[in-house]
Amino acid sequence: METKFSTRLPVPTFRFLGVNGTERPLPAEQPEPEVLSGTGIQRLDVAADAAFTVAGGQTVIMDIHAEHAYLQTHLQANAYEKVRLVQIFHGDSVCSRLTADLADSASAELIQIYLHGTDTVSDTEIRMNGRKSAFTANIGYLADGDAQLDLNLNVIQSGKKSVSDIDVQGVLRGRAKKIFRGTIDFQQGAAGASGAEHEDVLLTDPEVVNKTVPVILCAEEDVVGTHGATAGQLDARGVFYLQSRGIPEAEIRELIAQTKLGSVIRKIGDAATERDVWRLLGREDADEPFTEE
């Protein structure tokens, strides 16, 4: 039987909407996980199928430029530990599965940036079992051409007074298609927990397809959850103003896209990686600091 990689909306909706899930084939042989431990920053070059287990107390930065590959990552933060994961996706046809377990007072910070890939599917499940555990996610994407991007993020909060915060910033251009399913699931035992998620996406061309599915599930009374999404187009007056200053429209579009992703890039916290991301976005002056007016 062929092994499948799948993303699933925890509570399915109408099938005709096309947001319940995605399936992709998996390689017959999957790699054994490499255990990453220690402190400080570890940088990984991911050019093929790979699997990692990341222990707490460190920052791991993944440059993911594989093609037709499967990436599996597990984060394990024990009591009072913190783990940071930065993933830069700029390959084609990559399937990524990320899981995390957070113990009491443990925290995880996730930064993901998706650039230009033609068919990227990403499935993330964060299990916040610990009391006062914390999770933050900052996700940015630029999908253009005929790119297809499928993002599924499921945050399960069962720990008392656990806190989650999810922010997504994206740009769709050309004929790109994107689905983002963001679920915060408050389970029994999560009294005093809070969670928030928001996505802001810029649609620059009429043929793009954007589907955003923010979901909050609740089986506990004493919780606070907020979610929302905004989608907008280029400000025609702003574009005209910049054109009147002699800036070509193509360059204006690039500048706006870069500004949109800038807030996510600056959270990486590693100057070399940030410069690499700016270069992937076409900024040849990436050695100079980028500031947003």
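Side notes on the structure shown:
- Those residues of region 1-60 which are part of a loop (DSSP other than H, G, I, E, B) and under 30 Å from ALA79 (Cβ atoms), in sequence order: PRO10, PRO31, GLU32, PRO33, SER37, GLY38, THR39, GLY56, GLY57
- Listed conditions (1) assigned to a strand (DSSP E or B); (2) more than 16 Å from PRO33 (Cα to Cα); (3) not hydrophobic (A, V, I, L, M, F, W, C) are all met by THR99, apart from (2).
- Filter pass, ARG279 being surrounded by fewer than 15 Cβ atoms within 10 Å (Cβ to Cβ), modelled with pLDDT of 80 or more and either assigned to a loop (DSSP other than H, G, I, E, B) or out of contact with any Cys (no Cβ under 6 Å at 6 or more places or on another chain) (or both): yes
- Across region 88-102, the qualifying residues are those that are out of contact with any Lys or Arg (no Cβ under 9 Å at 6 or more places or on another chain) and surrounded by fewer than 21 Cβ atoms within 10 Å (Cβ to Cβ), and the one among them that is nearest to THR59 (Cα to Cα) is ARG97.
- Matching entry among THR118, THR136, THR124, THR183 (being modelled with pLDDT under 95 and of a type in the set (Ser, Thr, Tyr)): THR118
- Any pair with Cβ under 8 angstrom, 6 or more apart, that starts in region 250-274 at a residue that is modelled with pLDDT of 90 or more and part of a helix (DSSP H, G or I) and ends at one that is among the small types (Gly, Ala, Ser) and buried (at least 17 other Cβ atoms within 10 Å of the Cβ): LEU261/GLY140; SER263/GLY140; VAL264/GLY140; ILE265/GLY140
- Checking every residue in region 238-252 against the condition of being buried (at least 18 other Cβ atoms within 10 Å of the Cβ) and within 24 Å of ILE113 (Cα to Cα) gives at least one match.
- Within region 123-148, the set of residues being under 20 Å from PRO25 (Cβ atoms) and touching a residue at least 60 places away in the same chain (Cβ under 8 Å) comprises just one member, ASP123.
- Single residue of region 199-231 satisfying the filter (in contact with an Asp or Glu (Cβ under 7 Å, 6 or more places away or on another chain) and either under 11 Å from GLY170 (Cα atoms) or at pLDDT below 95 (or both)) that is surrounded by the fewest Cβ atoms within 10 Å (Cβ to Cβ): THR230
The values are calculated or read from the model by the stated rules, or taken from the named source; none is laboratory data. Because the structure is a prediction, the values reported are computed rather than measured. All Cβ positions, glycine included, derive from the backbone under ideal geometry; neighbour counts span all protein chains shown.
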